[in-house]
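Working notes for the structure below.
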Amino acid sequence: MLTKEENELLCRVEGNAPMGQLMRRHWQPVCLIEEVSEPDGAPVKARVFGEDLVVFRDSRGRVGIMDEYCPHRRASLVLGRNEDNGLRCLYHGWKMDVDGNVLEMASEPAASALAQKVKHKSYPVKEWGSMVWSYFGPAETVPEFTPPAWAPTADTRVSVAKALIPCNWAQILEGAIDSAHSSSLHSSDMVPARVGGAEATEKTWLRPSTDKAPRMQVQRGSYGFRYAAIRRPLTNAATHDYVRSTVFVAPATALIPPNNLYNVANINVPMDDTSTAFYFIAWGDPAQTPQTETWRKFLGQTLGVDLDAEYRPLRTRHNRFWQDRQAMKAGNFTGITGFPNQDIAMWVTMGPIADRSHERLGASDLAIVEFRKQMLDAVRAFQQGQPAIGTGELALPTTVCSFQAIVPKSTDWREFNARPVGHGGTGPELEPSYSVGQ
């Protein structure tokens, strides 16, 4: 468990909070490219680290990320006119370009030089991996954008489900790196089967184990850490182990063990102290990785069906996450459709910021304990002037990835030669068991 002071240090990200300042030294997703795909289309509201932002694509196709509020009288630019390579405030007609330059001040005299004296707050932009990214650290030291491990090349298929969750980033990240919970919470969707490794079907993910109490081992790195959840396989249990190795990439990414067709990842962006943009990602070979709408339907994360137009889940604590008790009596473990929705129910019911001072952790929580210890160590080092964890030379090596495999007991998972699925990755070469098209 953590003390109240440690919990605050871990979770708080707004303003000058040390953890938020550390996170600002990493490029962060702001929204999906699909949200601002149209030149001169409707601006999009975003929120990162407690800052309200407006995102828009101008007439030339450039994306801008700016302070949501007009520098004149602070009216929202989300309602503004996106036209002629700039965003125009409705209140008095002030117009800014993607770099925050004031192009026009309709309310000021023609001879006024005020426009040259005003610069609206804007941020650098990169479009990559289905997302619009920005950097919120010091403007004088913007690092070069480096593709994340889950979108290594421009031709990698990256399908993303997005949801805005009303709770702190850390309890979501802890869910993503908690391997033990999947054997209970997701047991109706991640089904034991006599297969050679994790496999994806149209409705479920198959796993070659019924073991609900994995043995946990951790290996720390400069980028975060990786760990192995070691279970008894359904076949050859006397001589082999079933290993699922997850990678935590600081500050808030998890590379989740893949199935036989595609890789899986999760990145969490704090909107503020008590809300988070949760992105759940399938990535890999376009021939085997589901397209976006297929992926969202599989997860129960479809806009207009499971989420409102602003990516907020329609399943909430007030409607008990649409839990079906009759389905539970019939054998479904949770009665909640879509395994991310099962996770969301757990995260949200912990409260806006989980009180970790009352927890009782066990052996299966080793990754959780390591995450908290490493991030608290990292933020204290950052406060003392050290580089932010995972930046520069401390970044994730390209040789490190998540994996799952049945291996001889003599195999050290730390030395296992793993590659992402679709890139010479581990696991049997199988034909897709469902359509990956729309």
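Structure above, values below:
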item: Filtered residues of the range 51-73 (kept if touching an Asp or Glu at 6+ places or on another chain (Cβ under 9 Å), part of a loop (DSSP other than H, G, I, E, B) and open to solvent by 40 Å² or more (accessible area, probe 1.4 Å)); result: Ser59, Arg62
item: Matching option when the condition is open to solvent by less than 70 Å² (accessible area, probe 1.4 Å) and either within 23 Å of Val249 (Cα to Cα) or under 19 Å from the mean Cα position of the chain (by Cα) (or both), among Thr316, Thr334, Thr302, Thr349; result: Thr302
item: Residue check, Phe280 under 27 Å from Ala149 (Cα atoms), surrounded by 20 or more Cβ atoms within 10 Å (Cβ to Cβ) and either of a type in the set (S, T, N, Q) or at pLDDT below 95 (or both); result: no
item: Selection count, the range 355-395, where residues are surrounded by 14 or more Cβ atoms within 10 Å (Cβ to Cβ), small (Gly, Ala, Ser) and over 26 Å from Pro148 (Cβ atoms); result: 1
item: Index of the failed condition, Met105 passing every other in (1) at pLDDT 95 or above; (2) crowded, with 17+ Cβ neighbours inside 10 Å; result: (1)
item: Matching entry among Ser222, Ser209 (being at negative phi, of a type in the set (Gly, Ala, Ser) and in contact (Cβ under 8 Å) with a residue 40 or more places away in the chain); result: Ser222
item: Extreme residue, farthest from Thr210 (Cα to Cα), among residues of the range 234-251 that are in a strand (DSSP E or B) and open to solvent by less than 10 Å² (accessible area, probe 1.4 Å); result: Phe248
item: Residues of the range 252-299 that turn out to be within 23 Å of Ile406 (Cβ to Cβ) and in a strand (DSSP E or B), as a count; result: 8
item: Matching residues, the range 31-50, being crowded, with 19+ Cβ neighbours inside 10 Å and under 30 Å from Asp355 (Cβ atoms); result: Ala46, Val48, Phe49
item: Qualifying position, being open to solvent by 20 Å² or more (accessible area, probe 1.4 Å) and either free of Cβ contacts under 8 Å to residues at least 24 places away in the same chain or over 30 Å from Asp84 (Cα atoms) (or both), among Ala161, Ala113, Ala200; result: Ala113
item: Residue list for the range 74-87, filter: of a type in the set (Gly, Ala, Ser) and either open to solvent by 60 Å² or more (accessible area, probe 1.4 Å) or in contact with a Leu (Cβ under 8 Å, 6 or more places away or on another chain) (or both); result: Ala75, Gly80, Gly86
item: Cβ pairs under 8 Å, 6+ apart, first in the range 15-37 and of a type in the set (Asp, Glu), second surrounded by 19 or more Cβ atoms within 10 Å (Cβ to Cβ) and part of a loop (DSSP other than H, G, I, E, B); result: Glu34/Ser130
item: Which listed residue is in contact with a Gly (Cβ under 9 Å, 6 or more places away or on another chain), open to solvent by less than 20 Å² (accessible area, probe 1.4 Å) and closer than 17 Å to Leu53 by Cα, from Lys121, Lys95; result: Lys95
item: Residue among Ala254, Ala287 that is open to solvent by 10 Å² or more (accessible area, probe 1.4 Å), among the small types (Gly, Ala, Ser) and either within 25 Å of Gly197 (Cα to Cα) or touching a Cys at 6+ places or on another chain (Cβ under 6 Å) (or both); result: Ala287
item: Residue list for the range 2-17, filter: open to solvent by 40 Å² or more (accessible area, probe 1.4 Å) and either in contact with an Asp or Glu (Cβ under 7 Å, 6 or more places away or on another chain) or assigned to a helix (DSSP H, G or I) (or both); result: Lys4, Glu5, Glu6, Glu8, Arg12, Glu14
item: Scope the range 126-145; condition open to solvent by 70 Å² or more (accessible area, probe 1.4 Å) and farther than 16 Å from Gly64 by Cα; matching residues; result: Glu140, Thr141, Glu144
item: Close pairs (9 angstrom Cβ cut-off, 6 or more residues apart or separate chains): in a loop (DSSP other than H, G, I, E, B) in the range 93-109, open to solvent by 10 Å² or more (accessible area, probe 1.4 Å) and of a type in the set (Asp, Glu) anywhere; result: Gly93/Glu104; Gly100/Asp67
item: Meets criteria (at pLDDT 95 or above and open to solvent by less than 80 Å² (accessible area, probe 1.4 Å)) for Pro408; result: yes
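Conditions (1) in contact with a strand residue (DSSP E or B) (Cβ under 8 Å, 6 or more places away or on another chain); (2) surrounded by fewer than 20 Cβ atoms within 10 Å (Cβ to Cβ); (3) within 29 Å of Thr399 (Cβ to Cβ), marked per residue:
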position	(1), (2), (3)
Ser182	yes, no, yes
Gly196	yes, yes, yes
Ser209	yes, no, yes
Lys212	no, yes, no
Gln217	yes, yes, yes
Arg232	yes, yes, yes
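The values are calculated or read from the model by the stated rules, or taken from the named source; none is laboratory data. All values derive from a computational prediction rather than experimental measurement. Cβ: placed from backbone, ideal geometry, glycine included. Neighbour counts: every protein chain shown. Please note that ligands, DNA and RNA were not included when accessible areas were found on the heavy atoms of the full protein model with its side chains. Shrake-Rupley method; radii C 1.70, N 1.55, O 1.52, S 1.80 Å.
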